[in-house]
1. Identify, by number, the condition in (1) hydrophobic (A, V, I, L, M, F, W, C); (2) open to solvent by 40 Å² or more (accessible area, probe 1.4 Å); (3) closer than 24 Å to residue 85 by Cβ that residue 292 doesn't meet.
2. Filter the range 72-96 down to the residues that are aliphatic (A, V, I, L, M) and open to solvent by 20 Å² or more (accessible area, probe 1.4 Å), then identify the one that is farthest from residue 114 (Cα to Cα).
3. So, in the range 204-250, of the ones that are among the acidic types (Asp, Glu) and out of contact with any helix residue (DSSP H, G or I) (no Cβ under 7 Å at 6 or more places or on another chain), which residue ends up least open to solvent (accessible area, probe 1.4 Å)?
4. Any idea how many residues of the range 86-136 are part of a loop (DSSP other than H, G, I, E, B) and within 30 Å of residue 146 (Cβ to Cβ)?
5. Among the residues of the range 251-273, write down those that are surrounded by 19 or more Cβ atoms within 10 Å (Cβ to Cβ) and in contact with a strand residue (DSSP E or B) (Cβ under 9 Å, 6 or more places away or on another chain).
6. Check the range 55-69 and report whether any residue there is over 30 Å from residue 230 (Cβ atoms), in a loop (DSSP other than H, G, I, E, B) and among the aromatic types (Phe, Trp, Tyr).
7. Regarding residue 116, is this residue more than 21 Å from residue 191 (Cβ to Cβ), in contact (Cβ under 8 Å) with a residue 12 or more places away in the chain and open to solvent by less than 30 Å² (accessible area, probe 1.4 Å)?
8. Just to be sure, is residue 317 surrounded by 15 or more Cβ atoms within 10 Å (Cβ to Cβ), closer than 23 Å to residue 63 by Cβ and polar (S, T, N, Q)?
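The values are calculated or read from the model by the stated rules, or taken from the named source; none is laboratory data. As the structure is a computational prediction, the values presented were derived from the model and not from experiment. So basically every Cβ, Gly included, is an ideal-geometry build from the backbone, and we count neighbours across all protein chains shown. Heads up: the accessible areas ignore ligands, DNA and RNA and are worked out on the full protein's heavy atoms, side chains in. Shrake-Rupley method; radii C 1.70, N 1.55, O 1.52, S 1.80 Å.
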Amino acid sequence: MRFLRAALALLSALLPCAAPAQSWPAKPVRIVVAYPAGGGIDVMARQLAERLGSLWGQPVIVENKPGANTIVAADAVAKSAADGYTVLMTTDATFSINPHLYASLPFDTQRDFAPVTMLVLLQQLLVAHPATPFNDLKGLIEAAKAKPGTINYASYGSGSQPHLSGEMLKYKAGIDLVHVPYKGISLAVPAVIAGEVQLTFAGIASSMGPLKGGRIKALAIGGTRRSPLLPDVPTFAELGYPEVETHAWFGLFLPAGSPEGAVARIYADTRKILDEPEFRQKQLVDRGYEVVGSSPQEFAAYMKKDFESRGRAVKISGARAE
């Protein structure tokens, strides 16, 4: 009995030392969003943060770091500790477009980040002011050929997705459209509504209200299939211009060298949220997003192809960082 009591006492003394370290996450997690508060990507980040916090039992804090076409946020995350507690949420601009626009970046997009998952893919529409004399892509091309340089389109900056899409359309259709860059993603559609410009490329979410109100009209949409939200709007591909890519994507990244367990956990739990039927339908599908939820390996492979494709578009556009 004396021996048993001694053994139990020794076991009790050793247990705290033998207990495994607490698994990730053991403290609050920060999601750094590369865009201002209030936009689509910010709204999605906050919805994910709320749900991930419930799953992890730790606060998940959203921090907006807009600026320099997403470079400010990406640089901050690249230089953060590779411990899994700082996540970058950004778009294709950071990894597929910026390396082609800027002579140098303060980080290496391939070396300094670990892809976690592509959340969603979204296709943009080519929309026009309702008073324009054309109602489809064919009519636009005919009008542009009849009067070169008289039709303009808005973007939100040199090298932005609308700029690249517009220049690719010009190149493939052999037409002359005038590029008018604005200083923000929220200004392009209002510029078309106001009649300042005739055209722009815009997301479904920002276009639906004006479309229903007759303040703009849709000519075509990117992607390989029509949007179920706009079944009457044909794709550029079916109209004979598959090279006109209008897509953008939202994705999550960690600093390179982050624990594999953190990468796997963030991916698995994010995918679980994306697969929730109500969240998927109301917050994503109904807003025009195509749900992806790719694995880290799938995301890395997709990014490589996207980088090459955007490089061709940037070369054709002649875009340079402003």
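1. (3)
2. 72
3. 238
4. First, pick out the residues of the range 86-136 that are part of a loop (DSSP other than H, G, I, E, B): 102-112, 123, 129-136.
Within this subset, residues satisfying the condition of being within 30 Å of residue 146 (Cβ to Cβ) are 123, 129-136.
Qualifying residue count for the region: 9.
5. 251, 252, 253, 254, 255, 258, 262, 263, 266, 267, 270
6. no
7. Here the answer is yes, as residue 116 does meet what is asked.
8. No, not satisfied.
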